[in-house]
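Asks: Input: one structure, supplied below.
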Amino acid sequence: MRMVSVSKDNDIAVGLRLAGIQSFFIKEDNEIKEKIKELAKDENVGIINVTEEVYEIAIKELKEIEENQELPLIVKIPNSN
């Protein structure tokens with residue numbers, strides 16, 4: 001199982017990449033929602049880290065994953081303000 005990250009903040013994405021976590025830096029809200037849906041279907045993804053900002057953008061999709069799937073786990077991480 002692998003851990004991935006979705007962020008609208010390039011600093012967070014780069015930092016997590018340096019830590020060995022596959023990170024997706026996405027600016028568009030619709031693209032964020034689509035990427036989360038795609039990652040939720042990937043059997044190799046065990047954890048999806050999302051920033052607070054991404055969580056608010058894709059709350060519907062993330063809640064659906066949390067309620068209907070055992071994996072991946074959704075972990076909300078703070079923004080880098």
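Derivation of every value follows stated rules applied to the coordinates shown; laboratory data play no part. Everything quoted here is computed from the prediction, not taken from an experiment. Virtual Cβ from ideal backbone geometry, glycine too; neighbours counted across all protein chains shown.
Asks: With +1 on each Lys and Arg Cβ and -1 on each Asp and Glu Cβ, how big is the dipole of the stretch 20-81 about its Cα centre, in debye rounded to the nearest 20?
Replies: It works out to roughly 100 debye.
Asks: Then there is this: Search the structure for amide H atoms under 5 Å from the amide H of Ile77, placed 1.01 Å from N in the peptide plane, and list their residues when 5 or more places away or on another chain.
Replies: Amide H neighbours of Ile77: Val50, Thr51, Glu52.
Asks: A follow-up question, please. Taking the Cβ of Glu52 as the center, what net charge do the other residues with Cβ under 13 Å away carry, scoring Lys and Arg +1 and Asp and Glu -1?
Replies: Net local charge, Glu52 excluded: -1.
Asks: From the phi of every residue in the stretch 38-48, what ³J(HN,Hα) in whole Hz does the Karplus formula 6.51 cos²θ - 1.76 cosθ + 1.60 yield, where θ is phi - 60° and glycine or proline is x?
Replies: In residue order, the calculated couplings are 4, 5, 5, 7, 6, 5, 7, 8, x, 9, 10 Hz.
Asks: Something else about it: Report the extension gain between Ile21 and Glu34 in nm, rounded to one decimal, defined as 0.36 nm multiplied by the number of residues separating them, less their alpha carbon distance.
Replies: Contour length minus Cα-Cα distance gives 2.7 nm.
Asks: Do any chymotrypsin sites (Phe, Trp or Tyr not before Pro) in the chain lie in a loop, going by DSSP, with at most 12 other beta-carbon atoms within 10 Å of their beta carbon, and if so which?
Replies: Qualifying residues, ordered by number: none.
Asks: Using helices alone, what [θ] at 222 nm do you get for the chain, with -39,500 (n - 2.57) per DSSP H run of 4 or more residues, divided over all residues and rounded to the nearest 500?
Replies: Taking each H run of at least 4 residues, the total per residue is -13500 deg cm²/dmol.
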